[in-house]
1. Let a ≥ b ≥ c be the square roots of the eigenvalues of the Cα gyration tensor of region 619-666; is it rounded (a/c under 1.5), or, if not, prolate (a/b larger than b/c) or oblate?
2. Quick one: pull the percent of accessible area on region 452-541 belonging to carbon and sulfur, 1.4 Å probe, ligands and nucleic acids left out.
3. Looking at Val375, Val364, Gln320, which one has the Cα that reaches farthest to the positive end of the dipole of region 282-432 (charges on Cβ: Lys, Arg +1; Asp, Glu -1)?
4. Tell me the label-point distance for the pair Phe536, Lys786, using the 7 Å Cα-to-Cβ offset, in nm and rounded to one decimal.
5. What accessible area per residue comes out for the chain, rounded to a whole number of Å², with a 1.4 Å probe?
6. For Leu630 and Phe98, compute 0.36 nm times the residue count separating them, minus their Cα-Cα distance, and round to one decimal in nm.
7. Counting Lys and Arg as +1 and Asp and Glu as -1, each charge on the Cβ, what is the dipole of the chain about the Cα centre in debye, to the nearest 20?
8. Which three extents, in whole angstrom, do the alpha-carbon atoms of region 306-359 cover along their principal axes, largest first?
Amino acid sequence: MTTACIILAGGQGKRMASTDTHKVCFPILGRPAICRAIDAYKEAGIRHFVVVVGKMCDQVVSTVSAEHPEVTFVFQAEPKGTGHATLVAARALEAQGFEGNAMVTMGDKVVAPHVVTELLDRFEARRPALALATLPYDESTSAGRVVLDGNGAVLGIVEKPDLDAAWRKGETLSLGGDEIPAGSLEAADIRGNGSLYLFQFEALLGALSGLTTGNSQGELYLTDTVGLIRAAADNVEAVEVKRNQDLMAFNTPAELVAIEQVLRAREQPRRVRARESGELGYDAFKPAREWLSLLRDRDEGFFSVLAGVYGSNRDALNEQADQMIRVVERFAERHGAERFMIICRAPGRINLMGRHIEHRGGDVNVMAISRETIVAAAPRDDDEVHLHNLDTRFEDRCFRIRDILEGTSWDTWLDLIDSHTVREVIEQAPGDWSHYARAPLLRLQHEAPDLVLRGMDCVVGSNIPIGAGLSSSSALVVGFAEAAIAFNRLNVEIADLIDLCGEGEWFVGSRGGNGDHAAIRTSRIGTVTEIGFFPFTFKKQVALPEHLRVIVAHSGIEAKKSDGAKDAFNQRIAAYEIAQMLLARKWPAAAGIQRLRDLCPHRLGVGADQIYRALKLLPENPTREELRALCTDEEQELLDRHFATHADIGPYNLRGIVLYGLSECLRSERFASVLEAGDVREIGCLMAASHDGDRVVAGEAGEPRFPFSLDFSDSALDARVARNANLLYESGTYACSTEEIDALAETANAVPGVIGAQLSGAGLGGCIMVLVEEDAIRNLIKCLEKHYYKPRELEAKIYSCVPVEGAGLLRFSPQEVSI
């Protein structure tokens with residue numbers, strides 16, 4: 001029997017924040033969303049299409065007709081809801097004498113063809129009046145709730161606005177002839193609505209004729225046809241779609257990007273492949289005994305190898321060799337001196353400019369430092385990983401690489417890390433050091449399911465201070481990824497390795513970027529690298545001037561990822577997102593922007609004065625309640641998502657945080673060129689403005705401190721316009737420093753020869769970084785000890801860091817050996 005597909009494309013999709021592109025015409029990996037959807041329906045065997053158009057109808061018609069000229073279009077003159085749009089199409093089909101089945105769906109659907117095929121097959125086999133696709137239930141989604149009875153039969157669908165309204169009023173909902181209290185619905189047998197329906201055409205016509213506008217939106221809901229058909233004693237069947245990624249839709253630019261990531265992972269070639277030839281050479285893979293001999297003897301040939309990684313300072317080279325000896329000696333004790341092994345090194349990193357903006361599209365300016373993690377490892381014949389750490393705070397661990405993957409069919413990495421299985425593993429040992437070793441191995445294995453990765457026996461040592469903002473955890477991730485690639489002879493491009501390491505660390509629970517991993521893996525000795533994001537780009541590598549050194553000083557307060565710290569970090573991220581959402585609606589120049597960096601004046605083609613004026617469109621320090629009152633109904637869902645990431649810890653400084661983010665984006669784009677020019681005065685100005693953006697207290701070194709705050713009121717913003725304030729030197733306020741960090745930075749800045757001092761890493765504890773003339777280092781250390789550490793009775797933890805080579809295997813000797 002013929003099946004006609006009705007596609008609803010009448011609404012514009014306001015949350016896409018575009019005035020010139022209809023929602024269904026947005027490209028997904030280069031093809032309009034609605035055309036991509038029709039491709040899938042055709043692959044499942046459907047040939048008859050009716051598209052309902054309304055707003056921007058000319059664009060939809062021309063877009064679809066260019067690729068699918070056989071499609072019929074009908075016009076919905078007024079937007080009266082999905083039920084009314086379907087009625088318009090159904091009447092057109094009825095007028096043509098159509099007899100058959102009618103599949104109804106939305107124009108923004110991204111569906112795997114097998115989902116449609118399974119729906120058609122079930123429908124033909126069982127012949128219900130209606131079959132609808134359902135998804136795994138997610139309480140955070142705005143999709144309708146498909147309510148089932150105790151036998152799995154569909155009672156009806158409840159739209160989220162109606163559920164919320166009934167819950168607030170304490171009302172019941174009528175479903176399948178039963179009255180169900182709204183408050184108990186979340187505990188019922190429910191699934192998510194996939195908005196993909198297959199009707200017997202006569203049943204559809206009958207149900208559409210019975211629709212009413214008695215709901216919170218005053219519209220005709222297509223979903224109400226489910227309850228009407230059920231009430232008529234006709235059969236309604238739910239066809240379960242097991243993976244959300246097989247039936248997706250988008251309402252915002254962020255959701256569109258997420259869909260592209262899923263499709264890209266599904267459609268592009270695997271990023272991890274087995275190398276067709278080549279063995280791990282004897283230069284990197286030799287008995288522990290021979291490594292110890294080389295490390296202890298330290299002849300000039302071996303020193304030249306180390307110098308190519310760390311520089312020519314002989315004391316520094318000896319320090320690095322001593323650390324390697326300790327690790328290899330422990331390996332030999334545990335696994336035997338004759339066991340063949342590698343030495344993999346992964347340094348910490350410093351970001352000299354570009355804090356808190358990588359995820360907003362801003363640049364970072366990074367260098368690998370001479371504090372690093374060393375992994376001594378030997379391959380195993382199974383997939384077990386045995387871990388031992390020289391630091392006695394970290395207990396021995398053992399795991400299998402494939403244990404989480406066995407017996408499952410996780411289609412995407414996000415599926416896996418969001419699964420109950422992974423959450424259970426993390427919750428059993430939150431923050432455990434072994435997670436950072438497991439993360440990259442699991443990511444590589446997931447990317448290459450046709451390969452069985454070998455396990456390894458490992459000993460780990462590190463002199464990267466923990467909780468110092470120097471990426472000690474990301475160094476572990478990169479180090480174990482390099483070891484796995486070596487032992488399994490994997491072919492992975494550098495850019496892909498960086499992405500996989502960043503994605504791998506999501507396993508631990510964070511959803512950060514890959515800037516740290518890029519710095520750790522790709523840095524070059526003696527240089528600072530400017531890296532851009534979205535797309536990931538190596539922009540520039542410049543030499544750190546020979547007369548300058550980077551000093552890291554620990555505040556004595558560890559930057560722990562406690563619940564309170566996570567709330568603070570996530571509140572600031574939410575402020576970025578909320579401000580961008582509001583500006584996209586209120587400021588025409590911001591409509592359609594993808595990331596905060598796109599609001600920088602040179603990208604928008606406006607002056608800084610326009611930025612200051614635009615900030616006045618944002619509320620000043622609003623509370624959650626005030627934000628709810630300001631946002632439209634369509635924005636409430638996004639607001640809820642942002643609020644769900646953190647506890648309510650107070651007002652949102654939207655103006656200050658946006659001003660910080662924009663100015664930091666400008667500084668991060670300029671920093672490498674200024675460093676290359678050797679303009680130390682300008683470097684100091686940029687570092688001072690950057691740290692002021694995180695500052696929480698102020699005052700001269702040794703003097704009483706006072707709270708640091710800046711004015712972002714309308715009058716203060718007008719004053720910036722009047723004096724033509726340079727956005728590059730604005731600081732805004734991100735406020736992720738601490739009183740101790742600020743005091744330490746001020747103490748350093750008071751020392752002659754210091755170019756600049758600022759927070760290192762994400763903040764709320766940890767270290768400062770100091771850029772200083774080489775001949776002023778000794779005086780700097782004395783001043784920090786005298787004015788900061790001794791008055792607080794703290795051990796002075798001060799490290800001189802030079803830019804070193806990025807992560808990799810230590811190699812010495814041209815001979816070859818097979819494993």
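1. prolate
2. For region 452-541, the apolar C and S fraction of the accessible surface comes to 52 percent.
3. Towards the positive end, the residue furthest out is Gln320.
4. Between Phe536 and Lys786, the label points sit 4.7 nm apart.
5. Accessible area per residue: 41 Å².
6. Between Leu630 and Phe98, full extension yields an extra 186.7 nm.
7. With only Lys, Arg, Asp and Glu charged at Cβ, the dipole is about 1140 debye.
8. Extents along the principal axes, in whole Å: 47, 30, 15.
The values are calculated or read from the model by the stated rules, or taken from the named source; none is laboratory data. Bear in mind that the values here come from a model prediction, so they are computed numbers and not experimental data. Heads up, the Cβs are rebuilt from the backbone with ideal geometry, glycines too, and the neighbour counts pull from every protein chain shown. The area values use the complete protein model at the heavy-atom level, side chains included, leaving out ligands, DNA and RNA. Shrake-Rupley method; radii C 1.70, N 1.55, O 1.52, S 1.80 Å.
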